[in-house]
Amino acid sequence: MAQPRVLILGAPGAGKGTQSSKIASEFDVEHVTTGDALRANKEMDISEMDTEYDTPREYMDQGELVPDEVVNAIVDEALSQADGFVLDGYPRNPEQAEELEEMTDLDVVLSLDVGEEELVHRLTGRRLDPETGEIYHVEYNPPEDPEVKERLEQREDDTEETVKERLRVYRENTKPVIDHYDEQGVLERVDGEQAPDEVWEDVKATIEDAA
Ligand code: AP5
């Protein structure tokens, strides 16, 4: 396998962003993430697309999915420019999974499995460094540098109320996508409740085995 084409699936807070950064640097592939792309374009005017709201922000702040039309276009553009990639945050419903099948083949489909109680704890404790984009957690992974600690920010959708809605949306829309890959026999499950380095060992080995 030259540069692998990896799909990483899992619930909000399962560790997709944390592990995707490692995959991107270890295997020299693009990190294609719909969440980051949408956060960078939160105020984009999508009113011409006949959507319920006029910007991605209104969907994201409520924990709802941004319309497929918007997200499909972002992924199509990003994948057309990448040889290898780790795709994180997409597909999130069966319709997006069908679109993805039209866009590319995949070498590895990974699922990070984490229980719901742990997901809520991880998301409400997550903090981001606005300067580097580094992901931290107040308890599991606090920064050592007091200057970094001082500037950390919480994501707007990481409040307890929005996290519960995101998990509901995940169960209803995204879990069937994971079940679909499982039924096809292509899903590699990784225990995402282990420490980050242990999860990484398993993720790395799974991708290498697929080579
Ligand atoms: P998105 O940004 O994709 O968020 P998400 O899927 O909800 O996932 P997260 O980024 O919250 O979690 P993660 O799995 O990356 O976990 P992380 O590594 O940060 O989407 C946001 C919104 O955008 C959606 O709600 C929707 O509105 C919209 N959107 C995005 N894609 C879309 C699409 N395809 N269609 C429509 N709408 C879309 O880890 C979480 C925390 O846990 C961190 O603090 C980390 O330090 C800690 N942690 C990580 N691993 C471990 C570990 N092993 N042990 C202990 N702590 C850990």
Out of the residues in the stretch 29-68 that are among the hydroxyl-bearing types (Ser, Thr, Tyr) and more than 7 Å from the ligand (Cβ to nearest atom), which is nearest to the chain's Cα centre (by Cα)? Thr55
Does the stretch 76-84 contain at least one residue that is near the ligand (Cβ under 8 Å from one of its atoms) and either part of a loop (DSSP other than H, G, I, E, B) or closer than 19 Å to Leu9 by Cα (or both)? no
Give the stretch 91-116 a look and list any residue that's within 11 Å of the ligand (Cβ to nearest atom), touching a helix residue (DSSP H, G or I) at 6+ places or on another chain (Cβ under 6 Å) and part of a loop (DSSP other than H, G, I, E, B), or say none. Pro91, Arg92, Asn93
Any residue in the stretch 49-61 that's within 16 Å of Asn72 (Cα to Cα): show its pairings with residues that are more than 9 Å from the ligand (Cβ to nearest atom) and not in a loop (DSSP other than H, G, I, E, B) at Cβ separation under 8 Å, as long as the two are six or more apart or on different chains. Met49/Glu69; Thr51/Glu69
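Conditions (1) closer than 20 Å to Ala24 by Cα; (2) assigned to a helix (DSSP H, G or I), marked per residue:
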| site | (1), (2) |
| --- | --- |
| Lys149 | no, yes |
| Asp158 | no, no |
| Thr162 | no, yes |
| Arg171 | no, yes |
| Lys175 | no, yes |
| Asp179 | no, yes |
| Glu188 | yes, no |
| Asp202 | yes, yes |
| Ile207 | yes, yes |
Any idea how many residues of the stretch 172-202 are at pLDDT 95 or above, within 13 Å of the ligand (Cβ to nearest atom) and within 17 Å of the chain's Cα centre (by Cα)? 12
Would a scan of the stretch 130-139 turn up a residue that is near the ligand (Cβ under 9 Å from one of its atoms), over 21 Å from Ser20 (Cα atoms) and among the β-branched types (Val, Ile, Thr)? no
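The values are calculated or read from the model by the stated rules, or taken from the named source; none is laboratory data. Just so it is clear, the model here is predicted, and its values are computed rather than measured. Quick reminder, even Gly has a Cβ in these numbers, built from the backbone with ideal geometry, and neighbours come from all protein chains shown.
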